[in-house]
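The next block holds one structure in the form of structure tokens; read it before the comments.
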Amino acid sequence: MNVYFLTFGCKVNLYETENMKQLFSEAGYTVSAEETSADIFAVNSCTVTGTGDKKLKKELRRLRRSYPNSVIVLTGCFPQAFSEEAEKIPEADIVTGTKNRAELPSLVESFIRERSHIVSVCPYTRKEKFEDMCNTRYENNTRAFLKIQDGCGMFCTYCIIPYSRGGFRSKPIEDIIAETKGFAEAGYKEIVLVGINLSFYGVDFGKRLADAVEAVCGVEGIERVRLSSIEPETITEEDVKRLSKLEKLCPHFHLSLQSGCDKTLKAMNRRYLTADYEKLVNNLRNNFKNCSITTDIIVGFPDETEEDFRQSLEFAEKIGFARSHIFPYSKRSGTPAAEMENQVPEEIKHRRAAEMAASMDASTRKFMQSQVGAVFPVLFEREKSDGFPHGYTPNYTPVKILTKYSNKSLRNSVFYVKIVSAEKDHCVGKLIINN
Ligand code: SF4
């Protein structure tokens, strides 16, 4: 039987979908590349925003309409956080959360045998240990995601994740090393460390994120290591010092800001102020050459006044982000912020989001311009549909080469490139060393 996978949400979900594919293959199913040949749909959901839930339900309705006889499995964060709502979704034959997903193939078998609706969502006790669904298998590619951490216990007032993912838990260092070696043997050159709250890696057994990064950098064959999103409050000066000694660690840090206004940060239950954030950014910039800082910003959080928004905008402009994701605050039921007074009207949120996005686009252009003239080792990826090679510098600047290499793909190779010009969201480069 053929299974087709759909993933909503973040890189952790992408990693977990890969695990699920492997799980089903090992159980004798075929992973389908086309939805039209699928007998089973496995939908790995996200529930970070209410808008995302609506899209998920729409997609489930579309699948059921288009493939009335298929088996639909709904798994991931949405059913974990809202199990009662999820089990009432008529399109889903099997509903599971983010826990115990190793059972999925056997749940599908029971459903096929008995044709009766299955709900298997196990609540978190906050005492769980880190678990993967299976051992990762490797196929040749350029960049591999490696999930080393799960869960969060910080309870930011807008965020549902602590309810959908349970408490902090981390992958043991020896398992990280073994998995990284597997990636290296499969030909991967770059590893991206991902987690629900990566910065809290090791808090459950007395280790720090720097320990995991050092371990991954120590694996022969891996040339680059990247960190996905990190939280500012957990990274100490000592951590920055340790990390800056690792040559393979890429100087790109996605530091979630969320707001550049201290009053709003407190209302969000974030545990840093803008001054702490700025200090960390300066520290990173002083320790990592040509370092890029990217971020996420929410606008229109409850009680955000025009003055608060201006403060947030000015702070973001002062930092000078290389790239930013701007989100108008979206009410997430089940979180404290959804119940707060002074919710900001939608039109004001959208106006502020557009203003913040325009300003952050200008920062991105400025950053791209600042790279012109520099020389970087670029790790090339699959050619895009335009046929031009493209890749990323260590500081995650997207680079395009305006020469086609018809009989030689640059994919998964590192070449030195001189940046010759900057576009809105990427740089244009010239190959200067042909290995
Ligand atoms: S730190 Fe805050 S925003 Fe990030 S996952 Fe935890 S609760 Fe959510």
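Just so you know, all these numbers are worked out from the coordinates, no wet-lab data involved. In this text the structure is predicted, and so the values were computed from the model without any measurement. As a convention, Cβ positions derive from the backbone with ideal geometry for all residues, glycine included, and neighbour counts pool all protein chains shown.
Structural remarks
- Computed magnitude of the charge dipole of the range 375-431 (debye, nearest 20; Cβ of K, R +1, Cβ of D, E -1): 160 debye
- In units of the rule-of-thumb radius 2.2 N^0.38 Å, the chain shows an alpha carbon radius of gyration of 1.01.
- Computed about the Cα centre, the dipole magnitude for the range 2-120 is approximately 400 debye when only Lys and Arg (+1) and Asp and Glu (-1) carry charge, each at its Cβ.
- Entries of Lys245/Lys424; Lys189/Lys400; Lys207/Lys248 with Cα pairs more than 28 Å apart: Lys245/Lys424
- Look at the dipole of the chain built from charges on Cβ: of Thr236, His254, Asn395, the Cα furthest out on the positive end belongs to Asn395.
- Highest-first packing order for the peptide set 112-123, 34-45 is 34-45, 112-123, based on the mean count of other beta carbon atoms within 10 Å.
- With 25 Å as the limit on Cα-Cα distance, the pairs of Lys263/Lys318; Lys241/Lys430; Lys11/Lys55 that go past it are Lys241/Lys430.
- Within the chain, the cysteines lacking any other cysteine Cβ closer than 4.7 Å to their own Cβ are Cys10, Cys46, Cys77, Cys122, Cys134, Cys152, Cys217, Cys250, Cys261, Cys291, Cys427.
- Spatial extent of the range 375-431: Rg and Dmax, with the Cα atoms as the point set, Å: 10.1, 30
- Rounded if a/c under 1.5, otherwise prolate or oblate - the range 2-120, Cα gyration tensor axes: rounded
- For the chain, calculated [θ]222 nm from helices alone, where every DSSP H run of n ≥ 4 adds -39500 (n - 2.57): -10500 deg cm²/dmol
- Beta bridges by DSSP in the chain, antiparallel share as percent, to the nearest 5: 30 percent
- Note: relative contact order over the chain, using C-alpha pairs below 8 Å and six or more positions apart, is 10 percent.
- Only the Cβ atoms of Lys and Arg (+1) and of Asp and Glu (-1) were treated as charged; on that basis the dipole of the chain about its Cα centre amounts to roughly 960 debye.
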